[in-house]
Every structure is written in C-alpha cells, then in structure tokens.
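Student: Encoded as structure tokens, here's the structure I'll be asking about.
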Amino acid sequence: MSRIGKLPVTLPAGVTAELSDGNVLKVKGPKGELTQQFSGDMEIKIDAGVITVTRPSDDKKHRALHGLTRALINNMVQGVHAEFAKELEIIGVGYRAAKQGNKLVLSLGYSHPVEMIDPEGLSSAVDGNKIIVSGISKEKVGQYAAEIRDKRRPEPYKGKGIKYADEVIRRKVGKTGKK
C-alpha cells in the first residue's frame, strides 16, 4: 500500500469539496477555488470532511497514480486554505527588482530591463533583494518562480543571479595566477 496514498485528506474549517462525473474535484476555500480532473481509475470518496483515495489493483500504473492523486488533492486543499509562496533572492551588484502594477521589472545586467507580467491568480511582491511569488495553486507558483529564476540563473563562481531562498549554490574555485 502506498504510504502517501493511504493517508486521508482532512478538510479544514471553511473548505468544501465536491466530486462530479469524470473524477472532477472542485475545492472551495477562503482564498479561492480550484478544479482538477483525476484519472478515472482512482476512486475518490468524500465523507464528513475527509477525502480518501483508493486504487483498484496493485498494477504499477495504479500504485503510481494512488500517491500522486492524494498529493494533488492535498495541495489543492492546502492552497485554498492558505496560499503557497516561493521566495527568491537576487544576488549581484546592480541586480534589482521592482513592481509596476502587475508587472515585475528585473534589472539583471542585460542591456534592457526584463519585464514579466504576473499570471492570473498569482501575485509577486518585492522586498529589497527578495521576490515573493504567492498563489493558491502550488504548480503555478512553482512554475512562475522557475521562470523568474531562468532569467538569470546563479553562476558558480561569484554566486550572482536569482536563486531560491533555500537553494545552496555549489561554488567553484576561479583561475589561479602563474608562478
């Protein structure tokens, strides 16, 4: 049995879930609403504020889908209850970020500023050299944070670039002079 898949997902106060035809789950909460369709093989049940996922057999495909389905449902419930957030840090002389309405403007050493418009349902905030991306969908928050990071990835010699707050950059030793 899947260790993650067999765990029930409890709905916090203020969060409701409803299952419709085709394994489409709709979760509503104080922060918003998320809808996702799951595999028809997985059996999802909602009983008294608890969501459980069961699989029909021990096939490799069903075992993989079991844990995945439960994890996705748990992320939906957590997202509508309390938003997800990713924190990025900008490191480097002259590298900075600013907000202009729903636009994130990055100065990253290029000949032009890099402008990124916040996707629908997500928001970004700038606090000094930190960028905080938040939203109810864990997948979208992670994707947008990765797109921001890709504009100037951290390099291993000086560590300049945009990195996740919890990311550790493996540093390399630079050139040495001749003797």
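Student: Has the range 86-96 got any residue that is touching a helix residue (DSSP H, G or I) at 6+ places or on another chain (Cβ under 9 Å), of a type in the set (Lys, Arg) and at pLDDT 95 or above?
Tutor: yes
Student: Okay, next question. Go over the candidates Arg96, Arg3 one by one and state the one that is of a type outside the set (Phe, Trp, Tyr) and within 30 Å of Lys160 (Cβ to Cβ).
Tutor: It is Arg96.
Student: Oh, and also: Failed condition for Ile91, given (1) open to solvent by 40 Å² or more (accessible area, probe 1.4 Å); (2) farther than 30 Å from Gly161 by Cβ, with all others met?
Tutor: Only one criterion in (1) open to solvent by 40 Å² or more (accessible area, probe 1.4 Å); (2) farther than 30 Å from Gly161 by Cβ is unmet by Ile91, namely (2).
Student: Show me the strands (runs of 3 or more DSSP E) found entirely inside the range 105-179 where at least 3 residues are in contact (Cβ under 8 Å) with a residue 40 or more places away in the chain.
Tutor: Because the criterion is at least 3 residues that are in contact (Cβ under 8 Å) with a residue 40 or more places away in the chain, the strands (runs of 3 or more DSSP E) in the range 105-179 that meet it are 130-135, 161-164.
Student: Let me ask something additional. May I ask you to list the residues in the range 31-71 that are surrounded by fewer than 12 Cβ atoms within 10 Å (Cβ to Cβ) and closer than 23 Å to Phe84 by Cβ?
Tutor: The answer is Gln37, and nothing else.
Student: Now for a different question. Is it the case that some residue within the range 95-102 is touching a strand residue (DSSP E or B) at 6+ places or on another chain (Cβ under 6 Å), more than 20 Å from Ser20 (Cβ to Cβ), open to solvent by less than 60 Å² (accessible area, probe 1.4 Å) and assigned to a strand (DSSP E or B)?
Tutor: yes
The values are calculated or read from the model by the stated rules, or taken from the named source; none is laboratory data. Remember, predicted model here, so these are calculated numbers, not experimental data. Here Cβ is always computed from backbone atoms with ideal geometry, including for glycine, and neighbour counts include all displayed protein chains. These accessible areas exclude ligands, DNA and RNA; they are computed on the full protein's heavy atoms, side chains included. Shrake-Rupley method; radii C 1.70, N 1.55, O 1.52, S 1.80 Å.
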